[in-house]
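Heads up, the thing below is written out as structure tokens.
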Amino acid sequence: MKDYKFLIFDGTAYDKGAYCDFDTAASVLAGKDILLAVWNSDGSKMLAISGQQSLTINRSAETIEVNSKIVEGQDANSTGWKDFLNGLREWSIDLDSLWVPTSDSHKALATAFDNGDPICVKVYNAKTKKGLFAGLGIITDFPVEAPYDDSVTTSISIQGKGRLMDLTIHTIDTDTMPE
């Protein structure tokens, strides 16, 4: 059997790429590979959050309406369009996971929640070992659900404090991964 991952695409292979687009396939990410980690309280160890099932990164910006009666010498009603500027931005993370109270990551989250302390988080690609997003946040919601006929889970909400660094755009010298 041929080992196709070592073939070089020279423009003629695979029927000139007519139906096997390896470049696009390689750039698409699988959700199962994207994980959330939290630094321990003294910043010496990054902990992958145990039992992760789903992760949502929310990013939004306020809008500022900048309409006036006169727009560049014209009556605003004659243009018929409103005008806006970007305002303040914010981010949050919602994470659903199995509840694993004995894990170091869940202990770190529970301690930060109980003490009202901020947490430093990082979203990373476990397959490529590359950071995607990172920032400082506070835990705003930390329920534990224990249904009669299912596993015990938790849904953690983290509200960002300041900027969420997009590590796909802004490179950092050290890209630490959980142990």
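Readers should treat all values here as calculations from the given coordinates under stated rules, not as data from a laboratory. The shown structure was predicted, so the numbers you read here are calculated from the model rather than taken from an experiment. Neighbour counts run over all protein chains shown; Cβ positions are idealised from the backbone, glycine included.
If the segment from Thr128 to Lys45 were pulled out straight at 0.36 nm per residue, it would be longer than the present Cα-Cα gap by 27.9 nm. Exceedance of the 19 Å cut-off in Cα-Cα distance is limited, within the set Lys107/Lys161; Lys122/Lys161; Lys127/Lys161; Lys32/Lys127; Lys32/Lys161; Lys45/Lys130, to Lys107/Lys161; Lys127/Lys161; Lys32/Lys161. The label point for Ala110 and the one for Ser151, both projected 7 Å from the Cα toward the Cβ, are 1.8 nm apart.
Pair-distance distribution of segment 69-179: all C-alpha pairs, bin width 10 Å, starting at 0; shares per bin in whole percent are 11, 31, 26, 12, 11, 8, 2.
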